[in-house]
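The values are calculated or read from the model by the stated rules, or taken from the named source; none is laboratory data. Note that the structure is a prediction, hence the values are computed from the model and not measured. So basically every Cβ, Gly included, is an ideal-geometry build from the backbone, and we count neighbours across all protein chains shown. Side chains included, ligands, DNA and RNA excluded: accessible areas come from the protein's heavy atoms. Shrake-Rupley method; radii C 1.70, N 1.55, O 1.52, S 1.80 Å.
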Amino acid sequence: MDERKGIAYSDANGNARTRPRRRPQQSHGPFTIFAGVDERCPRTSSTLHKTHDSIQDPMSSSNLAPSISSSIYLTKPSAKPVITSSSYEAMCKYVLRNRQLRMLGISCFATWFLYYAASLNPSGASLAELYLLFSPTSIVFGATLFVVSQMPPLILRKVFLHPISPARPPTMISHIRALLSLPRSYITFATYVVCGGAAAVLHCRFITVRRWAIVGLDIFAPTPRHPFHLNERFLFLMLSNAWLGLIYAFKNLITSRTSVRYKTFTQPLASSILTTTRAGIKTTLYLTFAHSCSCLVAYFLFRRSLWRLVLHTPILGTLARPYIVTFLRPSAWPFSVRVIARLFILNATTGLVWEFTMGLFDVYTAQPIFITQFAPNPNATLIAGLHSSDVYLKHHACHELAQLSRTSSLRRKALFSDLKGSTWSDLCRELLLVLGKDYRKLQLKGKPAPAASVSKSAPPPNAPSLQKSTPATQIYRNAPPTTRELIANSLASDGSATKAISGIVGVAGTGASKIPRLFLGDSLSAPPAEAPKAVAKPRAPPLTGQDTVAVVQKTVATGSQALLRLMVPKEVVDKVEDWAHQTFFVKRVAWKASSVLDNRVMDVWAVEALSSLVAASFTEDSYGAVQRDIPRIIEALTSFLGALEEFLDEIDADMQAVHVHGETWDEAGELAERERMEREEIIEVVGPILDALRGGLQHIISTFGDRLVAFKFPPKTAKRLQAMIDM
């Protein structure tokens, strides 16, 4: 009988039967752990088979380890994925990529709609023309305009984007000089000039395609002799729009729009776009209106001089003569009411589209990124973001940490209860490093850090002399010769004793000789003066190109100033000079504050995160992971607050020194208005970090109360805390 089939036996009637063989039950030591386990469950059955195969005889002498009571301990724990800063950066870049596509779509639609509205005929516009907005010609026109006039400035700003505001010089004139010394400024100027001119060309071309011949904005205005003669109206609009691009680029550089404009408060996206657009529209309309008026006046006054200059240029005049020869004729007058209206419409549309696109860029780059809740390990991913080398992404990590430290109780508890990892210690160390760097900068008041002094140790006695190795370069000045050496050298030479005595006198003048001048006669007190020799008068060096330019500039400035005083009343000239002095040469105290506190937004978020986590640890930190760092955090916050208050006192002293009110009521009122505006700018810079420090310390004090006595603080910190408690 095959044993695998079972056991043969006979029943009561004598019939042969086969009983299935029962599987023997394996022993697992003193505990029976697999009793009652359903074999049909695939998960438990696989675990059972693995366990049975791995444990053959737990009580044998070859296996000295005690018997294991559960299959959980027999499986190797899965390794946790290593989370680095690249994981957080990848998540943020995904969000930023989607935001960029959304921003480009909104900007393209705005460009398409505004330029189409600007191309409508003011006198014959009807409702039927609005349906042509979705025609293929209009769509191609809008897309081309966006690619040509809006994409290059956006790409340029993304390339030159600064995560924090760069330090600015104290005066406007020095700020302009610093900007003009950078190559990227000229790249920005050229980009906006080309984009402005291209937008004008496409705008005029679209109007021509729609057959508005009454406007006369074709590129060419042919004559019988010159079939490719250019249209002066078209050139005037193109030059005006290109000049607007130069002004707008200069405005963006002056206002430091190349940096991210963070906000210390969270605002919905639609509200941020509306606020930014509303603030920029008014300024842009004023700028474009003033620009259009100045272009009209300047072209009216210098039109003939401009084209004469072009025609008399050696190479350019020869090439351009067949295309602009009729511009100097008296009958060739390009202006009309329609052209002037088209100038204002084109400049306003170009400025509004640029401002709207740049405003969208400001909003989307400063919008916070809350992404770590979708990560497998949210807290570890957030800590990895704090360790990121990208300052821009580190700003977003600090902002998210400050937000969840105020709102998410579950994330805080998970942070405090992570005892195996170093989540809290890494977070605390990184935030204190951020505050420590800016605290050091605040102590130096924006000045560069002093170089570390290197102590010069004396060379050993057996060290070789350095003079033998470097005989050609003498670093130290030789000691003056003694009186005995001078006399010996003079006697050994062919000179007379008078030279020796005059040498003695020279040494006495230097203080190295011990012979007083009282014992020297008048004839020996000074060397005899030689008779003056006739020296030929040197010729003046020839003027270089730079000297000639400087002389011409000085002459033109003097002459123009004298001519201006003759043509314009003295009061107006004095007002203009005072305005120019106050605008370009007076020290900007607010710029000093923004340069010292350039990383102030990240400081605000770091202070809010630390203070909120410390206050929440009073009830949520069951293991006391935060308690050992509370004295250090409070000391850091109070030290930063003290340094900031000292800096504010210095700022106030600078404001009083710069803004000195005049004697008359008008001068006093005007200077007081300027001082008020600058103080508001200083408050906008310093106010958020000052409020965050005071509010964070008050939050900690109100939460812990008298229990802060259990911690030990330095005397200065304890004194400030006591003062805040008594308030």
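A few points about this structure:
- When PHE618, PHE109, PHE160 are compared by accessible surface with a 1.4 Å probe, the order from highest to lowest is PHE109, PHE618, PHE160.
- Database remark: amide H of PHE220 closer than 5 angstrom to the amide H of ASN231 (H placed geometrically; neighbours at sequence offset of 5 or more, or on other chains; Pro and chain starts carry no H).
- The equivalent ellipsoid that matches the C-alpha gyration tensor of region 90-366 spans semi-axes of 35, 25, 16 angstrom, in descending order.
- Orientation-averaged projected area, Cα convex hull of region 273-348 (nm²): 7.1 nm²
- Pairwise FRET efficiency - GLU680 versus ASP726, Cβ, R0 = 45 Å, nearest 0.05: 0.90
- Cβ-defined net charge surrounding ASN599, 13 Å radius [Lys, Arg +1; Asp, Glu -1]: +2
- Take region 90-366 with all the other protein chains still there, run a 1.4 Å probe, and you get 51 Å² of accessible area per residue.
- Accessible-area rank, largest first, for HIS291, HIS699: HIS699, HIS291, with all protein chains present and a 1.4 angstrom probe.
- Solvent exposure ordering (accessible area, 1.4 Å, most first) of ARG303, ARG588, ARG177: ARG177, ARG588, ARG303
- Efficiency of FRET between SER417 and ASP706 - r from beta-carbon atoms, R0 22 angstrom, step 0.05: 0.25
- Amide H contacts of HIS162 (H built 1.01 Å from N, under 5 Å, at least 5 apart or other chain): SER259, VAL260
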